[in-house]
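Inspection log for the structure reproduced underneath, given as structure tokens.
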Amino acid sequence: MSDWILYLLTGVALAFAISSWWGVRRLKALHIRSTVGGDAQDPGLTEQRVAVILNPIKAQSDEAKRLIQRGCLAAGWEDPVFFETTAEDPGYSQVAAALAYKPDVVLVGGGDGTVRVVAESLVHTNVAMGLIPLGTGNLLARNVELNLNDLHANVNTALFGRQRHIDTARMGIENSRTGVSSEHVFLVIAGIGMDAEILADTNDGLKKAVGWLAYTEAGMRHLPGRRKKVSISLDGSPEQVRNIRSVLFANCGLIPGGIDFIPQAMIDDGMLDVVVMSPRSALGWLLMYVKIMFKHSGKLPVMTVYRSGRVVIKCPEPMAIQLDGDTAGEATRLTVQVEPRSLLIRVKGQD
């Protein structure tokens, strides 16, 4: 009986979520996203060398290429140099080749994975990154208020827009069971636990058909899972033991659907917003949903938000990891460190 109640409640929550998403998109955020205002400056360059990392299998990639070439020609610049990603190499060798060209700006035409890989090489270089969002989530593009449906405008912003520094974060991943360790940069939201499990279990065919809504279907299937014990240390403080479903590390908070998941998360404040989610029932999930959708400021025991520059998480058993919507294996220890103002990006000019 309890399982049927769980499924009924989650079904109701899903129906309510879908019906409210369009309205939520229009709600004003509780803060002004400083990524698009503040100290953004004109690049001050009369001529630019442009390199482009392009995922050729993305829709509109050919059109994006033509628009970039046309924009550089109209400006009287050198022809842009293009480097295409492959299934075997999502951008690592391409961005190395692009930087050898000594560009003033590297444009990234692709999804969140391509953006993250390129950013990994651009942090601390002072070479600007321009976004040409062609993926499903386009998380960073959403958080700097690019219009995902206006390719021409995004190419203009990437080529001719203002620019400013934003924070990035670096995650060290260790798996004591396999002995594997790695380190990666992320820009928007990374996590351990259920969120990564959902991403790994999302149906690719459904994702192609309905885009980011496919994650909802996988999420409903994972709701009945069990909580897992982890220890969490924030900025070197003593470890606290928590039973969690997921822990998220947010550099900024806007996610697909126009949902401001963490309204207080700002992309240039030198801090991460760490969200510990620990619901044990359908009611807990429903309360979290209401808090997120309506930006309720009240405290919720099953969803705790901390602010920290460095987070260490240890878990007795390996747990799934994700970085900006890409799965990254499993870990028994994570070290997440913010890197303030480490990436230069192009943003829209002020109206």
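The values are calculated or read from the model by the stated rules, or taken from the named source; none is laboratory data. Note that the coordinates shown come from a computational prediction; the quantities given were computed from them, not determined experimentally. Because the Cβ atoms are built from the backbone with ideal geometry, glycine has one as well, and the counts that use them run over all protein chains shown. Just the protein is used for accessible areas: all its heavy atoms, side chains included, with ligands, DNA and RNA removed. Shrake-Rupley method; radii C 1.70, N 1.55, O 1.52, S 1.80 Å.
Brief remarks follow.
- Principal-axis tilt of helix 282-293 within the chain, Cα atoms, nearest 10 degrees: 30
- The GluC sites (Glu not before Pro) of region 86-147 that DSSP puts in a loop, and whose beta carbon has at most 15 other beta carbons within 10 Å, are Glu88, Glu145.
- Label sites at Asn203 and Val180, each approximated as a point 7 angstrom past Cα along Cα to Cβ, lie 2.7 nm apart.
- Solvent exposure of the chain, expressed per residue, is 46 Å² of accessible area, with all protein chains present and a 1.4 angstrom probe.
- Of all segments of the chain bounded by trypsin sites (Lys or Arg not before Pro) found in a DSSP loop with no more than 13 other C-beta atoms within 10 Å, the longest spans 29-176.
- Each label was represented as a point 7 Å from its Cα along the Cα-to-Cβ direction; for Ala59 and Leu73 these points are 2.7 nm apart.
- Those residues of region 56-78 whose amide nitrogen sits under 19 Å from the label point placed on Glu47, 7 Å along Cα→Cβ: 69-78
- Expressed as a whole percent, the accessible surface of the chain that belongs to carbon and sulfur atoms is 55, based on a 1.4 Å probe.
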